[in-house]
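The next block holds one structure in the form of structure tokens; read it before the comments.
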Amino acid sequence: MSRLTATASCTAYAAVVEATGEVVPQALLVRRVAWLTALARDVTARLVVARWNAADLDALGSGVGLDGQVLPSKGWMALRRLGWAASPPSGVYVCDRVMRCAQEQAARLLRLALHRRRLVAAIVATWPQNTGARTGAEWQALRALLPDGVTAADIRNRTRQTRAYLDEHHTFPADLTELEEPPNVAAQVVLAAADRQLVTVERAGDDGARLRVRLPLVEWPASSRDWAWHVVPVALPPTVPPQAALCAPTVRVAKGRARVDLPFQIPVGFAPATGHRVGCGFDWGLNGLLVGVVGKLTDGRVISDGRPLIYDASGVSAKLHRLRGEREHLAAKHRHLDRLLAGITPADSRYATLSAVCQTLGVEHERLCARIRNLNKALTWSAARWAVDQAAAAGATVIYVEDLATLEARGRRGGWNARLSGQVRGRIVEAIRHLAAKYAIAVVTVTARGTSRYCPRCGDGTSVLQHCPAPDRLGERGWRWAYCPACGLSCDRDWAAAERIVSRGLLGQHATRTHRSTGVRTIHAIVEGNVARARRTRRPTRAARRARRTRADLHPRPAARDRAKRRPTPKRPTRTPATARNNPMTSSRVPDPRTVPAPPPTSGGQRPAGHAPQPGRHQPYRTGHVRNSHHRTGFHHAKATPVLMLAKHRGGPGQATPVRVA
Ligand SMILES: [Zn+2]
């Protein structure tokens, strides 16, 4: 049994002063929390600025304290061992536990800076000859210097940052401290560094928690009498199970509310690296964002059930693309107005108008950024939830995904799904790891190289697939469809790639490596094998059984009365009377789209975008069955294969008929 940590974001609406029983309303509570966070932020910011130099970063990075002993993992303790003292503003009384929280936050910021410093140092040491792109050898040299788990997005961002510095100063930055200003300090208090003298948290029923915390009663407390214990009731969201253990939270003020970010731990089962029989393989597709198959290992062979699982996010991706374009447009306008404003004085008559417009543009830009952020986050969790649900429903004990580090650059081909950034994919993998842990499903990355190049049906990974635009255009070159000239396989290219991934995973599971510190599981070895597609066995229907018993033809053709065609087929009489023929609402012809009236507004809020029932008996676009055939992704813009539950006592492909769940 191990433990999984997640954070619930809660809001505190009121509090009670423990000693006096005085009720603290929301506005006053927000002010007191803001005073506490401001005190901690002040200490943290001064500490970070004072230590923002190469010598002090070296000292923290060495991991050895002044006494020659290894620094403890707790940040505030490490800073104290290094002798980096912090002090509150003069005349202000701040208890030692608040100082600890401030030091903890400073230590976290400085340790994050150490990570960025290592990245920048590695990038500078292996600066590519051609600044446009690194060669294979240059990538290898860079990867050898970088710590594990650095994403391609990180490398790209740091490379751009270094190049900007190089263009401006014509020399490489000597250290991170030259490249960057000291990091911004968020106004929050990490109560995890404190103990019972500052904070306690306990359960209050199944859906609540009772937070006790000492808060200042004035902005600049002069003595311990200006601090008081507050009891803050916090309602927990339904995602926190009753058996979860609560940890000390982080408090902050956001949008005029006191927010409590409450971490909780739940026990999860152990997911072994090997011994899997049923697994799910997912490919980062071009036709769908995630395309998966369920595979079963039987007698050393992998059998799939011939059902592709597709999560298509092309709608969301197109929307994100449009929003990003708007964001760039707004940012350019904002920069232009800034330049104009810099050229005139506040006494100028145009200044007031321009600055008002500039401010509005800034607000709009912020909103657009938030919209993009929220959409990315929602897409991440929707796709991850769908993938884990599919694996759990199929009885899989392992999920194999392509390793993003080995994902080949696929050029500019592919639809909207291929344009989603690598950062979103990385977050989806993280979310899949988190959710799969709850079901004790292992998540293993496999090498992506050649997954969509070779046929999954024949040749054990040697017969090369041809890619063409469509199944009826096998002779042309394209990317959407895969065709194997050796065995005649003709299927969606991502589906073929997903079969290759699940076969690599299940056949190579003995080569699974678990990273010592991150726990990330990987299969570097490539074990190739064919995947057979087995349809689920179905009991013959009553008609089929009777036909077999009586040796009759199951599908008899009607006796042909007159096979020879000697006259033209007579026209069917039209059903609509001549008066109604030109009325688009009653004509049996599909009307011109522009003549269809808008559907009437329904009561009960805004109608979801997309399909709406048409009024009247006549429905030119029958959409009811389409709406129900997709999984509920939480988006109107994302479509996904529905999750079908398998009967409990069976499991895996080729065994049972899936049953639709609501
Ligand atoms: Zn083949």
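A compact table of results
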| quantity | calculated |
| --- | --- |
| Breaking point among (1) in a loop (DSSP other than H, G, I, E, B); (2) open to solvent by less than 10 Å² (accessible area, probe 1.4 Å); (3) touching a Lys or Arg at 6+ places or on another chain (Cβ under 9 Å); (4) more than 16 Å from the ligand (Cβ to nearest atom), for Ala448 | (3) |
| Some residue of the stretch 325-335 being touching a strand residue (DSSP E or B) at 6+ places or on another chain (Cβ under 9 Å), assigned to a helix (DSSP H, G or I) and either under 30 Å from Gly288 (Cβ atoms) or open to solvent by 60 Å² or more (accessible area, probe 1.4 Å) (or both) | no |
| Condition broken by Pro485, with the remaining ones in (1) touching a helix residue (DSSP H, G or I) at 6+ places or on another chain (Cβ under 9 Å); (2) at pLDDT 90 or above; (3) not aliphatic (A, V, I, L, M) satisfied | (1) |
| Total residues in the stretch 481-497, condition in a strand (DSSP E or B) and either basic (Lys, Arg) or within 13 Å of the ligand (Cβ to nearest atom) (or both) | 4 |
| Answer from Leu435, Leu420 - the residue that is modelled with pLDDT under 90, within 20 Å of the chain's Cα centre (by Cα) and not small (Gly, Ala, Ser) | Leu420 |
| Subset of the stretch 366-390 (residues that are closer than 30 Å to Val291 by Cβ, among the hydrophobic types (A, V, I, L, M, F, W, C) and open to solvent by less than 80 Å² (accessible area, probe 1.4 Å)) | Ile372, Leu375, Ala378, Leu379, Ala383, Ala384, Trp386, Ala387, Val388 |
| Residue that is open to solvent by 30 Å² or more (accessible area, probe 1.4 Å), more than 32 Å from the chain's Cα centre (by Cα) and closer than 29 Å to Pro89 by Cβ, where the choices are Ala19, Ala34 | Ala19 |
| In the stretch 274-295, the residues that are over 23 Å from the mean Cα position of the chain (by Cα) and open to solvent by less than 20 Å² (accessible area, probe 1.4 Å) | His276, Val278, Gly295 |
| Criterion: without any contact (Cβ under 8 Å) to a residue 40 or more places away in the chain, under 27 Å from Ile155 (Cβ atoms) and within 16 Å of the ligand (Cβ to nearest atom) - qualifying residue of Arg453, Arg516 | Arg453 |
| Those strands (runs of 3 or more DSSP E) lying entirely in the stretch 233-309 with at least 2 residues in contact (Cβ under 8 Å) with a residue 60 or more places away in the chain and more than 30 Å from Glu104 (Cβ to Cβ) | 278-284, 290-298, 301-304 |
| Filter result (modelled with pLDDT under 80 and more than 55 Å from the chain's Cα centre (by Cα)) within the stretch 532-567 | Pro558, Ala559, Ala560, Arg561, Asp562, Arg563, Ala564, Lys565, Arg566, Arg567 |
| Matching residues in the stretch 353-365 - criterion: being more than 11 Å from Ala331 (Cβ to Cβ), open to solvent by 70 Å² or more (accessible area, probe 1.4 Å) and within 33 Å of the chain's Cα centre (by Cα) | Gln359, Thr360 |
| All positions within the stretch 96-135 that are outside any helix (DSSP H, G or I) and either closer than 15 Å to Trp52 by Cα or not small (Gly, Ala, Ser) (or both) | Thr126, Trp127, Pro128, Gln129, Asn130, Thr131, Arg134, Thr135 |
| Any hit, the stretch 366-376, residues being more than 30 Å from Arg513 (Cβ to Cβ) and within 16 Å of the ligand (Cβ to nearest atom) | no |
| Hey, Pro471 modelled with pLDDT of 90 or more, touching a strand residue (DSSP E or B) at 6+ places or on another chain (Cβ under 8 Å) and part of a loop (DSSP other than H, G, I, E, B) or not | no |
| Residue list for the stretch 456-480, restricted to those being touching a residue at least 40 places away in the same chain (Cβ under 8 Å) and within 8 Å of the ligand (Cβ to nearest atom) | Pro456, Arg457, Cys458, Gly459 |
| Residue in the stretch 460-467 that is touching an Asp or Glu at 6+ places or on another chain (Cβ under 6 Å) and either at positive phi or surrounded by fewer than 16 Cβ atoms within 10 Å (Cβ to Cβ) (or both) present | yes |
| Selection count, the stretch 170-228, where residues are touching a residue at least 12 places away in the same chain (Cβ under 8 Å) and farther than 30 Å from Arg160 by Cβ | 37 |
| Some residue of the stretch 156-174 being out of contact with any Asp or Glu (no Cβ under 9 Å at 6 or more places or on another chain), under 28 Å from Gly65 (Cβ atoms) and open to solvent by 30 Å² or more (accessible area, probe 1.4 Å) | yes |
| Number of the exception - Gln466 against (1) at pLDDT 90 or above; (2) over 18 Å from Tyr400 (Cβ atoms); (3) touching a Ser or Thr at 6+ places or on another chain (Cβ under 7 Å) | (3) |
| Residue match in the stretch 303-311 (condition: of a type in the set (A, V, I, L, M), at pLDDT below 95 and either open to solvent by 40 Å² or more (accessible area, probe 1.4 Å) or touching a Pro at 6+ places or on another chain (Cβ under 8 Å) (or both)) | yes |
| Leu341 surrounded by 15 or more Cβ atoms within 10 Å (Cβ to Cβ) and more than 33 Å from the chain's Cα centre (by Cα) | yes |
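The values are calculated or read from the model by the stated rules, or taken from the named source; none is laboratory data. Quick caveat: nothing in here was measured; it's all calculated off a predicted structure. All Cβ positions, even for glycine, are placed from backbone atoms using ideal geometry, and neighbour counts span all protein chains on display. Accessible surface is based on the protein model in full, side chains and every heavy atom, while ligands, DNA and RNA are left aside. Shrake-Rupley method; radii C 1.70, N 1.55, O 1.52, S 1.80 Å.
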